[in-house]
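Okay, so here's the structure we're looking at.
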Amino acid sequence: MPDRTHTRLELAYLIVTGTTTAPRALELARALLDQVPQVLTLMTPNAARVIAPRDLSAITGTRLIQSYFDEAILPRPPEGLVMVAPCSFNSLNKLAAGVADNLALSLVAEAIGRLTPVVVAPSLNAPLLAHPLTSASMAALRGWGVSVVDPEDDGSGPRLARTDVIMTEAARRLASWRPVPGSSGRAP
């Protein structure tokens, strides 16, 4: 059973997926470090096609996790806020379907099951945002208590929400999380 004697989550996970906005993960990692002392970063296999792992690992206060055997997540990943940003269409729909076919998505699935705070910020273009499965997947995640930060349109089409919008939701989830002795409960 998780140790819930602390009253604040001191760790965040940044899950980066393979979208054209993946390079914004550097900005998001730095912003998360303003809220928690340590950020563990994980990438889906497609993320490495659009952002170099070395760039993510170069940020002081972060650690790039690339293996199920990394000591930072053994024997079970410690509780922490989980942020999936940017979240691709593929990863959004996998999460909603319960597909955890890589380390990054497995960690998110565990967090949902452990009832720790999860924030998902999809980065979708107009056709993918309009796809019928998108709204169904977002609704499913919200129904499980996951915060979904909708894409924003700056006039050139929908894209990943601004960092300040994503971080406001992360701060809200961190502030509202409370340990529940003897259970794995999440604040709304």
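The values are calculated or read from the model by the stated rules, or taken from the named source; none is laboratory data. This is a predicted model, so every value here is computed, not measured. Note that we place each Cβ from the backbone using ideal geometry, even for glycine, and neighbour counts take in every protein chain shown.
Any idea how many residues of the range 29-43 are within 13 Å of residue 80 (Cβ to Cβ) and part of a strand (DSSP E or B)?
The total comes to 5.
Which of the residues spanning the range 94-112 are touching a residue at least 40 places away in the same chain (Cβ under 8 Å) and out of contact with any strand residue (DSSP E or B) (no Cβ under 8 Å at 6 or more places or on another chain)?
96, 97, 102
Mind checking which residues of the range 38-47 are surrounded by 14 or more Cβ atoms within 10 Å (Cβ to Cβ) and within 21 Å of residue 88 (Cα to Cα)?
Scanning the range 38-47 gives 39, 40, 41, 42, 43, 44, 46, 47.
Out of (1) modelled with pLDDT under 95; (2) within 26 Å of residue 177 (Cβ to Cβ); (3) hydroxyl-bearing (Ser, Thr, Tyr), the odd one out for residue 57 is which?
Going through (1) modelled with pLDDT under 95; (2) within 26 Å of residue 177 (Cβ to Cβ); (3) hydroxyl-bearing (Ser, Thr, Tyr) one by one, residue 57 breaks only (2).
So, in the range 116-136, how many residues would count as being under 16 Å from the mean Cα position of the chain (by Cα) and over 30 Å from residue 10 (Cβ atoms)?
1
Return yes when residue 123 is of a type in the set (Ser, Thr, Tyr), under 25 Å from residue 26 (Cβ atoms) and at pLDDT below 95 and no when it is not.
Considered against the rule, which asks whether it is of a type in the set (Ser, Thr, Tyr), under 25 Å from residue 26 (Cβ atoms) and at pLDDT below 95, residue 123 comes out as no.
Yes or no, residue by residue, for (1) of a type in the set (Val, Ile, Thr); (2) within 15 Å of the chain's Cα centre (by Cα):
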site: 19; (1), (2): yes, yes
site: 43; (1), (2): no, yes
site: 58; (1), (2): no, no
site: 82; (1), (2): yes, yes
site: 102; (1), (2): no, yes
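Scanning for something in contact with a Lys or Arg (Cβ under 7 Å, 6 or more places away or on another chain) and closer than 25 Å to residue 159 by Cβ, does the range 22-40 turn up at least one residue?
Looking for residues that are in contact with a Lys or Arg (Cβ under 7 Å, 6 or more places away or on another chain) and closer than 25 Å to residue 159 by Cβ, one finds none in the range 22-40, hence no.
Looking only at the range 41-64, which residues are touching a residue at least 40 places away in the same chain (Cβ under 8 Å) and closer than 16 Å to residue 109 by Cα?
Residues satisfying the conditions are 42, 43, 44.
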